[in-house]
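**Q** First the structure, which I've put down as structure tokens, then a few questions once you've had a look.
Values in this text are rule-based calculations from the coordinates and carry no lab data. Being a predicted model, the structure only gives us computed values, none of them experimental. Glycine also receives a Cβ, built like all others from the backbone with ideal geometry; neighbour counts cover every protein chain displayed.
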Amino acid sequence: MLSKREFLLAGAAVLALAACGPAANVDHVATGAAAPAFSVTDATGAVRTLAEFAGQNVILEWTNNGCPYVRKHYDAGNMQALQRDAAARGWTWLQVISSAPGEQGYLDGPGAVAQVQTEQATVTATLLDGDGVMGRAYGALNTPQMVMINGEGLIIYQGAIDDRPSARPETLEGATNCVRAAWADLEAGRPVQIAQTTPYGCGVKYAA
């Protein structure tokens, strides 16, 4: 298992070398700060807002179905297992697609619905952020990238899904899942010990 320092250094290296696109002009949101408000249409055509989920624990998952790092987690069933565990714990799970039209990972509403069904994902909604407004507000740089928001609307974890910054499926074995680690801390009645890590994966395909 990687130490925290090794994980952060490895994640930074992957971010610099393996991202599938240039770094985007995004905002920075501090861990512990209020999660940015959003108003985004989901795959069914409904407008979803952060205010809608006030008082609920929420997970945001930035995704791109063409990204090999995302595929590692979905093709192995790892992401779906995490989603099911989140549902069992009463967490709201929102996928976010910030790929711009014409870019890798972009899906329209019917395409996103079909993708969720194909992958047997357990999500509350898939948010279609094709203009990138939500992604930039949250500082989303990579897919997959995770944000955990507590019932008070504060970001309690943001960053990578785990400590193995690789697209190789075999690296799932023995990996420390950062979302599960945060749950363990919360369920033990303590603050999240590692509340921010360096995300890894493909660069979010924002519009130029």
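**Q** Taking amide H positions as placed 1.01 Å from N in the peptide plane, with prolines and chain starts having none, which residues 5 or more places from residue 157, or on another chain, fall under 5 Å of its amide H?
**A** 148
**Q** Could you give each residue of the range 145-162 its phi-based ³J(HN,Hα) in whole Hz, using Karplus coefficients 6.51, -1.76, 1.60 with θ = phi - 60°, and x for Gly or Pro?
**A** Result, rounded to whole Hz: 9, 10, 9, 10, 10, 7, x, 8, x, 9, 6, 10, 7, 8, x, 6, 6, 7.
**Q** Taking 0.36 nm per residue of sequence separation and subtracting the Cα-Cα distance, how much length would be gained by fully extending the chain between residue 88 and residue 108, in nm to one decimal? The partial results should precede the final answer.
**A** Details: separation 20, 0.36 × 20 = 7.20 nm, distance 2.87 nm.
Here the answer is 4.3 nm.
**Q** Moving on to the next point. Where is the GNM fluctuation largest for the chain (alpha-carbon springs, 10 angstrom cutoff): 184, 35, 195?
**A** Per the Cα network of the chain with a 10 Å cutoff, 184 tops the list.
**Q** Would you mind classifying the range 149-204 by shape? Square roots of the alpha carbon gyration tensor eigenvalues, ordered a ≥ b ≥ c; an a/c under 1.5 is rounded, otherwise it is prolate if a/b is larger than b/c and oblate if not.
**A** oblate
**Q** Search the structure for amide H atoms under 5 Å from the amide H of residue 41, placed 1.01 Å from N in the peptide plane, and list their residues when 5 or more places away or on another chain.
**A** Result for residue 41 returns 48, 128.
**Q** Can you compute the FRET efficiency between residue 131 and residue 152 using 1/(1 + (r/R0)^6), with r the Cβ-Cβ distance and R0 = 22 Å? Round to the nearest 0.05.
**A** 0.20
**Q** Here is a further query. Under unit Cβ charges (Lys, Arg +1; Asp, Glu -1), what dipole magnitude, rounded to 20 debye, does the chain have relative to its Cα centre?
**A** 300
**Q** In addition: Considering only the other residues whose Cβ falls under 14 Å of the Cβ of residue 206, what net charge follows from Lys and Arg at +1 and Asp and Glu at -1?
**A** Residues close to residue 206 contribute a combined charge of -2.
**Q** Stokes-Einstein diffusion coefficient for the range 106-208 at 37 °C in a medium of 0.692 mPa s, Rh from the Kirkwood formula over Cα pairs: what value in µm²/s?
**A** After rounding, the answer is 213 µm²/s.
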